[in-house]
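Q: Below you'll find the structure I mean.
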Amino acid sequence: MADVAIRTDGLTRTFGTQVALSELSIEVPHGEVLALLGPNGAGKTTTVRLLNAVLDPHAGTMRVLGIDPVAEPDELRRHTGVLTEHAGLDDRLTATENLLAVARIRGMAIEPARRRIGELLERFGMSARADQRVAGASTGQRKRIALARSLLHDPQVLFLDEPTSGLDPAAIRDVVAMIDALAAEHGRTVILCTHFLGEADELADRMAILHRGRLEAFGRPADLATELWTGIPATLELGGIDPMAAADLVRSLRGVLEVAVDGAALTLEITERDVLAHAVRELVLAGADVFAARPETRTLSDVYFEVERRRAASETEAGPPRPPAPPPPPVRSPETRAQP
Amino acid sequence: MSTAIDWGAVRAVIWKDVTAVKRSKAVVLPMLLLPAVMLLGLPIVIGILAAGSGPMNVESLLNGLPSNLAEPILSLPERQQAVVLVLGYLIAPLFLIIPLMVSAVLAADAFAGEKERRTIETLLHLPISNRDLYLAKLLSAFLPAVAVSWIGFACYLVVGNASAWPVMHRLFLPTWLWTAVILWLSPAVAAFGLGIMVRVSARARTSQEANQLGGTVILPLVLAIVAQTSVLLLADLWVTLVIGAIVWSVAIALNVRGARRFARDTLATKL
């Protein structure tokens with residue numbers, strides 16, 4: 001499919017007896033941001049290394065920009081950019097020299113490379129450090145220099161491993177805006193490995209949750225939420241009525257799945273947004289003051305923690321893990337399931 | 001499928017490594033200390049000793065050497081015999097330690113040093129083939145090792161001739177043996193040592209571990225072989241050339257095999 005930037009099918013990698021990645025099957029369209037989420041050791045970095053042909057798969061197939069990383073690794077790496085978890089800069093070289101070495105390895109001519117390096121370092125606020133050795137740079141400064149390095153050749157696919165760790169809030173805002181612009185305006189595909197769910201929530205079109213190398217969930221956060229929960233969450237802030245009586249009234253309405261009292265407010269689980277409007281009407285007729293009525297959107301964080309909670313619960317039920325057991329199919333959004 | 005070497009990328013890696021090494025005192029100082037002692041200190045001491053003392057009887061020593069080497073030296077005035085024997089011939093085989101040591105220090109830094117500094121993964125994510133990356137790392141150690149050897153030798157010629165001038169009253173260095181050792185054999189020995197050390201460096205986690213592995217296990221073995229063959233070096237110029245050809249063959253075979261077996265995956269697995 002022409003609009004798919006990354007496709008993996010049953011991608012598997014082991015290190016000795018340890019399964020680092022087990023049967024990963026995902027598709028990422030061009031111009032989208034995929035958040036790869038999971039605790040340490042989940043297989044995020046292994047996935048990036050496999051997709052960029054640094055590691056060889058032990059089973060399964062993959063295509064990145066239509067290129068088979070196993071067959072044409074160097075051709076693939078010409079079109080991808082990587083920010084590794086550690087900035088990976090040589091302390092003995094200046095920021096410009098670090099970037100120039102990479103530009104030259106990528107086949108860029110020296111003068112255009114110098115101009116591009118100057119532009120990028122300025123964009124990331126690193127112009128003042130351009131000709132200073134990296135040895136004295138802070139973690140955040142290193143990260144920004146490394147980000148500039150990953151963008152030198154304007155890659156079509158960008159792998160970012162913890163791009164904002166070590167950055168100050170202003171720099172985080174800038175980097176998040178930059179990633180968003182790369183995907184939204186420039187059509188670049190971004191694979192974002194992160195522990196910061198807020199950042200992923202802001203940027204990701206899709207999310208993949210990994211745990212011990214196994215894909216636990218994959219799809220658009222909203223679609224996954226539909227799979228995980230039957231209803232839409234909503235909040236009603238009330239006055240002039242006993243909250244328990246209000247809860248009983250709302251509970252009796254059609255389309256209300258769950259009601260919980262939270263002080264003077266009610267938190268609901270409803271089948272669709274119209275149910276909330278109906279509830280407001282009934283409460284007003286019953287003499288209640290309705291200060292706010294909000295249907296909530298399930299965030300990526302909500303989805304992540306729910307998937308993690310369910311996984312932990314199923315592991316507790318099943319007892320200690322048995323390593324050779326084949327993994328059950330992951331939670332997938334309807335759109336993802338429909339694809340071959 | 002064999003593709004053409006991407007010399008631009010290879011040159012870029014060499015430039016990066018050499019620039020970084022030049023700024024690293026911990027690497028540069030030990031690398032220059034031994035050549036300085038051997039190639040500058042030794043000829044000065046021998047020159048001073050030869051000028052300050054009377055004729056040294058080296059006839060018994062020369063009698064133990066091949067006649068084609070001993071006879072021209074025996075025909076010299078007695079005061080010059082020791083100088084020509086030591087500075088012109090006996091030190092030459094010892095000189096092979098220099099390219100071996102310099103290349104070993106740099107090769108230890110090649111992959112293991114990159115792992116230690118956490119810069120290796122960046123390199124692995126770049127569009128440079130496994131073979132070209134191996135070649136670049138090999139040349140990053142080989143070229144400085146040969147450069148140090150040759151520049152050191154040029155200094156040795158100046159210092160050796162100058163310090164022996166009061167005795168010799170003429171330029172007597174380089175001898176043919178020295179020329180063959182420097183131009184032909186020492187690069188071969190460096191390449192041979194690198195054939196082993198680059199692979200050690202790729203497997204080790206730190207440059208210290210690579211140095212220990214190389215320094216305590218492998219290099220003594222190589223040095224023993226060099227020491228054994230150094231007696232042969234003094235026999236005849238042709239023997240030196242033949243030994244050089246053999247060392248080159250082994251070095252090329254080792255490095256071709258190393259480049260073929262070198263895999264990103266193996267390196268990345270240990271990150």
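Q: Given (1) in contact (Cβ under 8 Å) with a residue 24 or more places away in the chain; (2) of a type in the set (A, V, I, L, M); (3) surrounded by fewer than 17 Cβ atoms within 10 Å (Cβ to Cβ), identify the lone condition not met by residue A:244.
A: (1)
Q: Would you check if there is a residue in the range B:79-95 being open to solvent by 30 Å² or more (accessible area, probe 1.4 Å), closer than 24 Å to residue B:170 by Cα and of a type in the set (Phe, Trp, Tyr)?
A: Filtering the range B:79-95 down to residues open to solvent by 30 Å² or more (accessible area, probe 1.4 Å) leaves B:79, B:86, B:89-90, B:94.
Next, only the ones that are closer than 24 Å to residue B:170 by Cα stay: B:79, B:86, B:89-90.
Checking the rest, the ones that are also of a type in the set (Phe, Trp, Tyr) come to B:89.
Yes, because at least one residue in the range B:79-95 is open to solvent by 30 Å² or more (accessible area, probe 1.4 Å), closer than 24 Å to residue B:170 by Cα and of a type in the set (Phe, Trp, Tyr).
Q: May I pose another question? Among the residues of the range A:135-150, write down those that are surrounded by fewer than 21 Cβ atoms within 10 Å (Cβ to Cβ) and within 30 Å of the chain's Cα centre (by Cα).
A: First, pick out the residues of the range A:135-150 that are surrounded by fewer than 21 Cβ atoms within 10 Å (Cβ to Cβ): A:135-140.
The answer is A:137, A:138, A:139, A:140.
Q: While we're on this one: Take residue A:181 and tell me if it is open to solvent by less than 20 Å² (accessible area, probe 1.4 Å) and not assigned by TED's automatic domain parsing to the domain that holds residue A:256.
A: no
Q: Okay, next question. Give me the pairs, please: first residue somewhere in the range A:217-231 and in contact (Cβ under 8 Å) with a residue 24 or more places away in the chain and β-branched (Val, Ile, Thr), second residue anywhere and open to solvent by less than 10 Å² (accessible area, probe 1.4 Å) and not in a helix (DSSP H, G or I), beta-carbon distance under 8 Å, and either six or more positions apart or on two chains.
A: Close Cβ pairs (under 8 Å, with a partner that is open to solvent by less than 10 Å² (accessible area, probe 1.4 Å) and not in a helix (DSSP H, G or I)) amount to A:226/A:333.
Q: I would also like to ask the following. For the range A:55-84, give me each residue that is in contact with a helix residue (DSSP H, G or I) (Cβ under 7 Å, 6 or more places away or on another chain), facing chain B (nearest Cβ under 9 Å) and closer than 15 Å to residue A:8 by Cβ.
A: A:55, A:56, listed by residue number.
A quick yes/no check of all residues on (1) modelled with pLDDT under 95; (2) assigned by TED's automatic domain parsing to the domain that holds residue A:236; (3) over 31 Å from the mean Cα position of the chain (by Cα); (4) not in a helix (DSSP H, G or I):
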| residue | (1), (2), (3), (4) |
| --- | --- |
| A:248 | no, yes, yes, no |
| A:253 | no, yes, yes, yes |
| A:258 | yes, yes, no, yes |
| A:266 | no, yes, yes, yes |
| A:269 | yes, yes, no, yes |
| A:279 | no, yes, yes, no |
| A:282 | no, yes, yes, no |
| A:290 | no, yes, yes, yes |
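Q: Of everything in the range B:118-155, what is touching a Lys or Arg at 6+ places or on another chain (Cβ under 7 Å) and either more than 12 Å from every other protein chain (Cβ to nearest Cβ) or in a helix (DSSP H, G or I) (or both)? Give them in sequence order. Lay out the reasoning, then the answer.
A: Initially, the range B:118-155 is screened for residues touching a Lys or Arg at 6+ places or on another chain (Cβ under 7 Å), giving B:124-127, B:130.
Result: B:124, B:130.
Q: If a residue counts only when it is over 27 Å from the mean Cα position of the chain (by Cα) and under 14 Å from residue B:88 (Cα atoms), which helices (runs of 4 or more DSSP H) contained entirely in the range B:38-77 have at least 3 such residues?
A: On the way: elements: B:42-52, B:59-63, B:67-74.
By residue number, B:67-74.
Q: Only one of (1) open to solvent by less than 40 Å² (accessible area, probe 1.4 Å); (2) in the same structural domain as residue A:39 (by TED's automatic domain parsing) fails for residue A:220. Which number is that?
A: Only one criterion in (1) open to solvent by less than 40 Å² (accessible area, probe 1.4 Å); (2) in the same structural domain as residue A:39 (by TED's automatic domain parsing) is unmet by residue A:220, namely (1).
Q: Shifting gears a bit: Output yes when any residue across the range A:292-312 is touching a Pro at 6+ places or on another chain (Cβ under 9 Å), of a type in the set (Lys, Arg), closer than 20 Å to residue A:35 by Cα and not in a helix (DSSP H, G or I), and no when none is.
A: yes
Q: Something else now. Has the range B:99-109 got at least one residue that is within 14 Å of chain A (Cβ to nearest Cβ), modelled with pLDDT under 85 and within 24 Å of the chain's Cα centre (by Cα)?
A: yes
Q: Moving on. Please state which one of A:188, A:206 is within 24 Å of residue A:296 (Cα to Cα) and crowded, with 19+ Cβ neighbours inside 10 Å. Steps first, please.
A: On the way: A:188 fails: within 24 Å of residue A:296 (Cα to Cα).
Sole residue among the options that is within 24 Å of residue A:296 (Cα to Cα) and crowded, with 19+ Cβ neighbours inside 10 Å: A:206.
Q: Would you be able to tell me the number of residues in the range B:159-182 that are open to solvent by 30 Å² or more (accessible area, probe 1.4 Å) and more than 18 Å from residue B:38 (Cα to Cα)?
A: First, the residues of the range B:159-182 that are open to solvent by 30 Å² or more (accessible area, probe 1.4 Å): B:159, B:162, B:165-166, B:169-171, B:174, B:176, B:179.
Checking which are more than 18 Å from residue B:38 (Cα to Cα) leaves us with B:165-166, B:169-171, B:176.
Final tally of qualifying residues: 6.
Q: Of the residues that make up the range A:89-101, is at least one buried (at least 24 other Cβ atoms within 10 Å of the Cβ), more than 10 Å from chain B (Cβ to nearest Cβ) and in contact (Cβ under 8 Å) with a residue 12 or more places away in the chain?
A: The answer is yes, given that some residue of the range A:89-101 is buried (at least 24 other Cβ atoms within 10 Å of the Cβ), more than 10 Å from chain B (Cβ to nearest Cβ) and in contact (Cβ under 8 Å) with a residue 12 or more places away in the chain.
Q: (1) more than 14 Å from chain B (Cβ to nearest Cβ); (2) more than 21 Å from the chain's Cα centre (by Cα): which one isn't true of residue A:27, the others all being true?
A: Of everything listed in (1) more than 14 Å from chain B (Cβ to nearest Cβ); (2) more than 21 Å from the chain's Cα centre (by Cα), residue A:27 misses just condition (2).
Q: OK, next. Being among the hydroxyl-bearing types (Ser, Thr, Tyr) and either part of a helix (DSSP H, G or I) or in contact with a Leu (Cβ under 7 Å, 6 or more places away or on another chain) (or both) is the filter here, so list the residues in the range B:156-190 that pass it.
A: Taking the range B:156-190 first, the residues among the hydroxyl-bearing types (Ser, Thr, Tyr) are B:156, B:163, B:175, B:179, B:186.
Scanning the range B:156-190 gives B:156, B:163, B:179, B:186.
The values are calculated or read from the model by the stated rules, or taken from the named source; none is laboratory data. From a predicted model like this one, the values you see are computed outputs, not experimental measurements. All Cβ positions, glycine included, derive from the backbone under ideal geometry; neighbour counts span all protein chains shown. For the accessible areas, the whole protein counts, side chains as well, though only heavy atoms, and no ligand, DNA or RNA atoms are used. Shrake-Rupley method; radii C 1.70, N 1.55, O 1.52, S 1.80 Å.
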